[in-house]
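The structure appears right after this line, and notes come after that.
The values are calculated or read from the model by the stated rules, or taken from the named source; none is laboratory data. Just so you know, these numbers come straight off a predicted model, no measurement behind them. Heads up, the Cβs are rebuilt from the backbone with ideal geometry, glycines too, and the neighbour counts pull from every protein chain shown. The area values use the complete protein model at the heavy-atom level, side chains included, leaving out ligands, DNA and RNA. Shrake-Rupley method; radii C 1.70, N 1.55, O 1.52, S 1.80 Å.
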Amino acid sequence: MISSAKFYLNKFRKTPIRQWRAKIISGVQHYVLDFPNGITLQTVKNCNLKCKHCYLNEFGKNIPDGERGMMPFEDFQKIVARLEKLIKKVNEFYFSSFEPLLHKDIFQMMDYLLEINPDLQFPLVTNTMTIDDEKLEKLKKYPIPSYTISLDGTTKETVEAFKTGISFEKLIDTIKQLTSLDENSSVGTVFVLHRKNVHELRDYADFVLELGVKKIMVNNLMPFSEEFQDQHLYSPRGNMEVEEIFDHLIERVVANGQQLFLPYMKPKKIGCRQAESLFVDINGNVAPCDYLAVSTNFYYFGKHKQGKPLIFGNVYQDDPLKIYRSIPFKKFRRQHRAGKNLPESCRYCIDAYGLMCSHRRVYGAM
């Protein structure tokens, strides 16, 4: 009970005052009435890039049950029919954890969902490589509150060496276009921190400010193969050199009126927030996240574990809300909220220790 209270209080403290009312309403719906705080449907299980550090690169090899694919629109309609009750309750709907704009029917899918819930919003996480002038015009017409774009450096050499198949020039140009696209949409960049790009983080805030970016998110590199085990910068004792760079970055962010989200560099058993949403994979399976929907290889300080898929049910066969409220899934969420006795399936994942997306430290404009 005390751990849960601390969890909710910490979330409330990090919320800007102007967002309190909306957060209280959504908080009651999520934590009291036990509805998910969003839905991710894996309409795309593929990417236009071939980044070696991405776990998608291991599909069919070290992740034998990982298969690429696109969800046919007919299957999308069937799953949405099963999710309709939940779609009417949530505010945010994500199209995949991969590259959502690869799907040729994404705008038709948005139209279909807005018929069910006209207030639904579609935050997009994209590498921007599929965005052209035609897509930009279409994107203007839809409720997209935020674009989250991976930009892992300030130079062409560094960015293109890390993201296989990306064009630095197109990436920069598209970020500029998106920041001027719609005043109701925010554009944030994600910097995946590793040994070969850390030197560019010091000037990163000023660099992206020139592009119109006010929100910066830093993640540590999550290794999915032995090749990348020695590329991350976090350690059991922390990393003071990186923290010094963080201090400089914070100063620049505050001066620029930007907002900064930083991971911890020393692991803390703090839990992950992925399972607060409802994740449904391309086959209708409900898992805590895309990593646990397949047999992902996790590497954590020299230790290796290949996880087994953790599936709580399938929306074709079971009521999605009952799956979300099932005893095993509720126990899973409670363990992460408490941040002490982590589920066995998550003990080798860096996101359970504050090293990636969950529980980042927040600085700057609120």
Looking at the structure I just gave you, is residue 305 in a helix (DSSP H, G or I) and either over 17 Å from residue 264 (Cα atoms) or aromatic (Phe, Trp, Tyr) (or both)? no
Any chance the range 98-109 includes a residue that's part of a loop (DSSP other than H, G, I, E, B) and either under 30 Å from residue 196 (Cα atoms) or polar (S, T, N, Q) (or both)? yes
State yes or no: is residue 282 among the hydrophobic types (A, V, I, L, M, F, W, C) and free of Cβ contacts under 8 Å to residues at least 60 places away in the same chain? no
I'm trying to understand the selection: among the residues of the range 154-190, which are more than 29 Å from residue 134 (Cβ to Cβ) and touching a Gly at 6+ places or on another chain (Cβ under 9 Å)? 161
Residue 302 vs. criteria over 17 Å from the mean Cα position of the chain (by Cα) and touching a residue at least 60 places away in the same chain (Cβ under 8 Å): yes
Quick one: in the range 32-48, which of the residues that are open to solvent by 10 Å² or more (accessible area, probe 1.4 Å) and of a type in the set (Val, Ile, Thr) is modelled with the highest pLDDT? 40
Conditions (1) part of a loop (DSSP other than H, G, I, E, B); (2) more than 28 Å from residue 185 (Cα to Cα); number of the one not met by residue 272: (2)
For the range 49-76, enumerate the residues that are surrounded by 13 or more Cβ atoms within 10 Å (Cβ to Cβ) and in a helix (DSSP H, G or I). 55, 56, 57, 58, 73, 75, 76
Restricting the range 255-283 to residues that are β-branched (Val, Ile, Thr) and within 24 Å of residue 325 (Cβ to Cβ), the residue that is surrounded by the fewest Cβ atoms within 10 Å (Cβ to Cβ): 282
